[in-house]
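The values are calculated or read from the model by the stated rules, or taken from the named source; none is laboratory data. All of these numbers come straight from a predicted model, not from anything done at the bench. So basically every Cβ, Gly included, is an ideal-geometry build from the backbone, and we count neighbours across all protein chains shown. Protein only, heavy atoms only, side chains kept; ligands, DNA and RNA dropped before computing areas. Shrake-Rupley method; radii C 1.70, N 1.55, O 1.52, S 1.80 Å.
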Amino acid sequence: MARVNADESCGPGYALAAWCRVVSRRSRGLVVSLVALMGCAGEGARSLDADAEDVVEVSDTTEVGEEAEVAPVCGEVTLTLTGNTWPGETVELEVRGADDAAWKFEGLGSIYPQGLRARWTFYEGSAVHVPETARVSVAAVRPGCEPVVLEREVVVDWPDARRTVVLTNPSVPGSDTVAKAYAAWREIPEAQICAVASPDRDELAGEDYERWLGEVLACVDRVGPHVHFVVPVYGVPYKVRGRIADIVDPTVKVTTSLDALLAFGRGSASFGLHAQNPYYQRGDSR
């Protein structure tokens, strides 16, 4: 440890400014950093002894009035996303804690970067049957600090409510009311309610099935190819009479579940014989 004797190093009226680190022997740790201004006045000067209880170590000297260089403070940088990651929707991206940003995107939409912010609109034709993944990365720039690269992976998909069509029968009083109540409960847009008329609320004549199916599929097509679910409500027939041949006696036309036919989609329009339901599962209901 250096010893500074004011009598030997200083003359009368001389001022020495020094950066000093004060260390306590008792705690053996750093107590405080300070700039000490030591005045030298000859006989009255005090000697700073390394054997004293508190030791002053002179680590650097500088001219009086000179400012020390301050290192930049590099705080946290974050990337936020606001909005729904659905096909056809737009999300807002924002970098916080930086002065500028360089954006990079991978697929599934159109990008509109504006400095620290960007708008990302996903293609409406995305995720037709399964979710798809898109990625964004941004290089955040701060003066005096290393660039920070932030990455985010986004899963683009239709929510179940947007994949659902609700069927109603305008020929049956109350059917439309039930359809709207169900759609509101499930947050399904009213534009996805399809009204397909049938004279009877329980049974659909076999000869009317192709016409009825065509109207249902036309409504599904208007909503989009991403539709996975068709929900018939009160008033919509639940069985089809006289269209499918009996398993034992093919000359006899039997009554069939409407849902069982709809499971085959467009192909069910040509059905006349029985077929194995691809969604049937054997098992114990207990």
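Order these peptides, 129-138, 245-254, by their mean beta-carbon neighbour count within 10 angstrom, highest first. Could you put the intermediate results ahead of the total?
Numbers: 129-138: 14.8, 245-254: 11.4.
Sorting 129-138, 245-254 by mean packing, highest first, produces 129-138, 245-254.
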Worksheet item: With every protein chain left in place, what is the accessible area per residue of region 97-149 in square angstrom, probe 1.4 Å?
Response: 59 Å²
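Net charge near A118, counting Lys/Arg +1 and Asp/Glu -1 over other residues with Cβ under 12 Å of its Cβ?
Surrounding charge for A118 is +2.
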Fill in: Antiparallel content of DSSP bridges confined to region 131-263, in %, to 5
55 percent
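From the Cα trace of region 135-286, what convex hull volume per residue do you get, rounded to a whole Å³? Don't skip to the end; give the middle numbers.
Working: hull volume 30.5 nm³, N = 152.
Cα convex hull per residue, to the nearest whole number: 201 Å³.
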Fill in: With every protein chain in place, region 177-286: carbon and sulfur % of accessible area (1.4 Å)
53 percent
Worksheet item: What residues qualify as long-range amide H neighbours of L167, i.e. H under 5 Å apart, gap of 5 or more or another chain, H built at 1.01 Å from N?
Response: C194, V231, V233
Worksheet item: Between L262 and D99, how many nm apart are label points set 7 Å from Cα along the C-beta direction?
Response: 6.2 nm
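Per residue, how large is the accessible surface of region 211-282? Use a 1.4 angstrom probe and give square angstrom. Mind showing how you got there, number by number?
Details: 4420 Å² over 72 residues.
Value for region 211-282: 61 Å² per residue.
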Item to complete: Tabulate in residue order the Karplus-calculated ³J(HN,Hα) for region 140-147, using 6.51 cos²θ - 1.76 cosθ + 1.60 with θ = phi - 60°, rounded to whole Hz; enter x for Gly and Pro.
Response: 8, 10, 10, x, x, 10, 5, x
Item to complete: Determine ³J(HN,Hα), in whole Hz, for all residues of region 207-223 in sequence, where each value follows from phi through the Karplus function 6.51 cos²θ - 1.76 cosθ + 1.60 and θ = phi - 60°; x replaces Gly and Pro.
Response: 6, 8, 5, 5, 4, 4, 4, x, 5, 4, 5, 5, 5, 4, 5, 5, 5
Worksheet item: In percent, how large is the relative contact order of region 79-235, given Cα pairs closer than 8 Å and 6 or more residues apart?
Response: 20 percent
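In what order, largest first, do E207, E215 sit by accessible area if the probe radius is 1.4 Å? Present the calculation step by step, with values, prior to reporting the outcome.
On the way: E207 145, E215 75 Å².
Output order, biggest surface exposure first: E207, E215.
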Item to complete: Using a cut-off of 12 Å between beta-carbons, work out the net charge of the residues near P170 (Lys and Arg +1, Asp and Glu -1, P170 not included).
Response: -1
Worksheet item: What does the charge add up to near P237, with Lys and Arg as +1, Asp and Glu as -1, over the other residues with Cβ less than 15 Å from its Cβ?
Response: -3
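Within region 200-250, report the chymotrypsin sites (Phe, Trp or Tyr not before Pro) that DSSP leaves as loop and that have at most 16 other Cβ atoms within 10 Å.
Working: sites: Y209, W212, F229, Y234, Y238; in loops: Y234, Y238.
The qualifying sites are Y234, Y238.
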